[in-house]
Amino acid sequence: MDRGKRGLKRSAVVDAHGIPLGAIAAPANRHDSPLLEETLDTLGKLGPLPERMSVHLERGYDSQTTRRRLRDRGLSRP
């Protein structure tokens, strides 16, 4: 992480066809993984979601914390 990096980072959630469902913006020097919950929170504005949903994340998100957060939300990883 380059703390001196300026700019904007977008964290987005999309459906299986790549259609954006929600997004947040954060400073570019912020690490991605803490943005996960805030990004997933944007789904609440869509109303009821399907019972079974899976989440595909980059390798950088692979941690026990991320797995717990997804499990707590009833989401699974493939």
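See the values below:
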quantity	calculated
Hits in the range 9-42 (condition: among the acidic types (Asp, Glu), out of contact with any helix residue (DSSP H, G or I) (no Cβ under 7 Å at 6 or more places or on another chain) and either at pLDDT 90 or above or under 16 Å from Glu58 (Cβ atoms) (or both))	Glu38, Asp41
Scope the range 45-70; condition in a loop (DSSP other than H, G, I, E, B) and surrounded by 10 or more Cβ atoms within 10 Å (Cβ to Cβ); matching residues	Leu49, Met53, Val55, Leu57, Asp62, Ser63
The range 59-75 residues that are in contact (Cβ under 8 Å) with a residue 24 or more places away in the chain, paired with ones that are surrounded by 11 or more Cβ atoms within 10 Å (Cβ to Cβ) and of a type in the set (S, T, N, Q) (beta carbon under 8 Å, 6 or more apart)	Gly60/Ser33; Tyr61/Ser33; Ser63/Ser33; Thr65/Ser33; Thr66/Ser33
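Per-residue answers, yes or no, for (1) on the phi > 0 side of the Ramachandran plot; (2) surrounded by fewer than 12 Cβ atoms within 10 Å (Cβ to Cβ); (3) out of contact with any Gly (no Cβ under 8 Å at 6 or more places or on another chain):
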site	(1), (2), (3)
Arg6	no, yes, yes
Lys9	no, no, yes
Ala26	no, no, yes
Leu43	no, no, no
Asp72	no, yes, yes
Pro78	no, yes, yes
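The values are calculated or read from the model by the stated rules, or taken from the named source; none is laboratory data. Quantities reported herein were computed from a predicted structural model and do not represent experimental measurements. Don't worry about glycine lacking a Cβ; one is built from the backbone with ideal geometry, like all the others, and counts go over all protein chains shown.
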